[in-house]
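See structure below.
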Amino acid sequence: MNLLVWRSSWISLGMIKLIECPRDAMQGIPDFIDTAIKAAYINQLLEVGFDTVDFGSFVSPKAIPQMRDTAEVLSLLDLHNAKSKLLAIVANVRGAEDAMHFPEIDYLGFPLSVSETFQKRNTNASIQQALNTVEEIQNLCEVKGKTLVTYLSMGFGNPYGDPYSPEVIAEFVEKLDQLGVKIISLSDTIGVADPELITSLLSLQISAFPHIEFGAHLHSKAEDIAAKVLAGAKAGCRRFDGALKGFGGCPMAKDELVGNMATEVMIEALEADGFDLKLNKVEFGEAMKLAGFVFNP
């Protein structure tokens, strides 16, 4: 197959969904960001045309103090003409029940780790306990008309020496499939995945579970972002998480944060390869300016 035909078939597989993650960008910042500033920033992101905005989380304020005002932020969002759906992260059933009170929220995200060490570190629970929680939240979502997005944290390896292999990932996906989970995002929590691993792991899961929507929540050094997002697209992944200017990272993973995939770099790489992301570039430019203010006041 020549390159042009191969690229055409790649592009025809479906439209890219970009999930913008201000929650992930903000959550590790120790100085509290004013609620009105958060809301103004998220309102601007809602104008861009992202598929989804991961805007906040219903978790313990002791664990993630920055997100203690998520409900208040939500009350300040202008959703009348919003072009994006809303996603909130939860870490337990109580958080999910809190999120259920808000019809504006479309997706609940839950971090399920394939690393026992990180599961305990991130949600103070074992993997088995976390799987039980996934089942309860999935049932809640089905009753309340919301969709659960399960993130497989440490999905590309971990620094703790816990067991890891493509077979481990497949076992977790199989368990989630049995629970009826429809969206699974493989998360490179500490930025260890290289393009070859991203392509091979995503290809394997997408081919084995074609009825599941797979995403990629990758962290990366700036110089590797383009190669990583294109490696995921090559595998058939059409759902990518990012954050403007690459801010953020998981404060529970290890002492040094590895930044998120910079959305602007992903956009440039994907558009150069022929994907039409259908974003409002004027509003995106305004969002980039506002990001500079929010994260570098």
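Every number here is computed from the coordinates shown, using simple stated rules; none is lab data. As the structure is a prediction and not an experimental result, all values here were calculated from the model. Every residue, glycine as well, gets a Cβ built from its backbone with ideal geometry; the counts of neighbours run over all protein chains shown.
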By Cβ neighbour count within 10 Å, fewest first, Lys62, Lys278 rank Lys62, Lys278
In a Gaussian network model over the chain where Cα atoms closer than 10 Å are linked, find which of Leu152, Leu131, Leu186 has the largest mean-square fluctuation. Leu131
Can you compute the helix-only [θ] at 222 nm over the chain? Use -39500 (n - 2.57) per DSSP H run of at least 4 residues, normalise by all residues, nearest 500 deg cm²/dmol. -13000 deg cm²/dmol
Which labelled figure in (i) 0.96; (ii) 0.94; (iii) 1.09 is Rg/Rh (Cα atoms, Kirkwood Rh), once derived from the coordinates: (ii)
Under 10 Å, Cα contacts only: if you run a Gaussian network model on the chain, which one of His211, His101, His80 comes out with the highest mean-square fluctuation? His80
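If contacts are Cα pairs under 8 angstrom and at least 6 residues apart, what is the relative contact order of the chain in percent?
Taking the mean separation of contacting Cα pairs over the length of the chain, I get 21 percent.
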